[in-house]
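Peer 1: Have a look at this one before I ask anything.
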Amino acid sequence: MQKNVRVSELYESQVRKLKRLHRNGACKTELKREAVHLGELKRLLRHVRSKTRPKYNQTPASYSPVRTEYPAHMNLPIDDEGFIVSFSLSPDSTEVSAVQFYQKFGFVIFRDILDPDECNASQCEIWDALEQQYPGLHRSSIPSLSVLTSQTYGLSSAPAVFTPQMLRNRCNPKLVKVMRLLLGDNDILMSHDRWCFYRPTKSLGICETAVDMPEWKTAASLHLDLNPWTFIEDKVNVQVQNLYYDNLRDFSKEMNSVNEVTGPHLQGVLALTDSMENDGGTVLVPGFHHVFSSWVKSLGDIKNFAQHSDPIRNRLVWRGGGSGSFKFCDSDPIHHLKQRITVRAGSLLLWDQRLVHGSVPNDSNSFRMAQFIRPFRRKTYDSMRLERRSKVVTAHLESAGKNFISSLTTDNKRVLGLHGYLDN
């Protein structure tokens, strides 16, 4: 490939090439092929001109938050291939080491949860959904990626995804075993969440030329998927028991409505592609679970953080009924403690929900695809809420394919939360 050039230069070059072919009497097939390339470049150029490159982690000079109750930096072990050290499910001594790692750092990675075929099937479902939603997108065409947006962190538009392979991943026996191991509870329900898709942004092969597309980068973030003030209360959040799941966003709300009484709580990402340092993806603040309670107490009045839009202040995003999420502004010194978590395709990254986490944009020529997933302890649901949830889940699974439910084992059905599999 040639050295990186601007998209406008590629477009102008393709225009000249097409004119030259017309003058020389090229055949219709060749002219049509080159016209298609020109159309792709034109759409790409229009996209570039309509976007301003986002600014990441800029520190406003007017704001200097006091660093209080943050953990010390922790050095994470790296394996010979540049990934964070991961664990297998056997033998038992390995599981003990994995639990000790989790307790120390607040996260752990289990490898080979999905095999290559399962990763490929998951990727295909994501491509299928995107191509259906965005006319003009073709997985074999890099320029056609310009029809996508980076405004929503690469997340699927549906708050909960019920396609066959995503469902199979949630009830994968290896994955369920890991969840039960870390929760210390065999009676669990799996979340129904979504996936993410990051476009490559560096050295993209377009017309045999390497092109950078910084406009395709997602925004960086650092947050907690909980309300810190209500999390430490010594009472159950009763509002979460009133969820009806008639809106798919209720599956998101139940993930943000947790507290210490119903814990422990895990969050996770199932890697569907390799995720190296520059590929974009998850960042964590290791050890934050050790200082979480003291940090919350140091925050002061919740009113100072709720429902404001000042970009240089940390804020609580209130979601009603005591649930919410806590967003760290770009200038908070906690950003100096975040670390990129590299994982292999098929690996499951799990972290304590009290761990500050987020994502950074893709800065490579690789795609990033992942599935978000987490478990709940079944006993934290009251019977009426569990009944409502199970009926909605069952209806969605029935639409996943004629024989899909019949292909599941009894344990699969139970952890997915199907109606009729609620009792002990």
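The values are calculated or read from the model by the stated rules, or taken from the named source; none is laboratory data. Nothing here was measured: the structure is a model prediction, and the numbers come from that model. Cβ: placed from backbone, ideal geometry, glycine included. Neighbour counts: every protein chain shown. Each accessible area value is taken on the protein alone, full model and side chains, heavy atoms only, with ligands, DNA and RNA left out. Shrake-Rupley method; radii C 1.70, N 1.55, O 1.52, S 1.80 Å.
Peer 1: Name the single residue, out of those in region 323-342 being open to solvent by less than 10 Å² (accessible area, probe 1.4 Å) and small (Gly, Ala, Ser), that is modelled with the highest pLDDT.
Peer 2: Here the residue is 325.
Peer 1: Can you run down the residue pairs with Cβ atoms below 6 Å, 6 or more apart or on separate chains, where the first is in region 153-169 and of a type in the set (Gly, Ala, Ser) and the partner is open to solvent by 40 Å² or more (accessible area, probe 1.4 Å)?
Peer 2: 156/194; 160/248
Peer 1: Take residue 378 and tell me if it is out of contact with any Ser or Thr (no Cβ under 8 Å at 6 or more places or on another chain) and either surrounded by 16 or more Cβ atoms within 10 Å (Cβ to Cβ) or farther than 27 Å from residue 345 by Cα (or both).
Peer 2: yes
Peer 1: Taking the options 286, 264, name whichever one is open to solvent by 20 Å² or more (accessible area, probe 1.4 Å), in a loop (DSSP other than H, G, I, E, B) and within 20 Å of residue 103 (Cβ to Cβ). First the steps, then the outcome.
Peer 2: Values: 286 fails: open to solvent by 20 Å² or more (accessible area, probe 1.4 Å).
When all the criteria are applied, what remains is 264.
Peer 1: Considering every residue within region 153-166, establish whether at least one is closer than 22 Å to residue 379 by Cβ and either part of a helix (DSSP H, G or I) or at pLDDT 95 or above (or both).
Peer 2: no
Peer 1: May I pose another question? Within region 180-198, is there a residue that is basic (Lys, Arg) and open to solvent by less than 20 Å² (accessible area, probe 1.4 Å)?
Peer 2: Within region 180-198, none of the residues are basic (Lys, Arg) and open to solvent by less than 20 Å² (accessible area, probe 1.4 Å).
Peer 1: What number of residues in region 368-408 are touching a residue at least 40 places away in the same chain (Cβ under 8 Å) and not charged (D, E, K, R)?
Peer 2: 19
Peer 1: Moving on. I need the full set of residues from region 344-369 which are part of a strand (DSSP E or B), out of contact with any Phe, Trp or Tyr (no Cβ under 6 Å at 6 or more places or on another chain), among the aliphatic types (A, V, I, L, M) and over 11 Å from residue 280 (Cα atoms), in order please.
Peer 2: 349, 350, listed by residue number.
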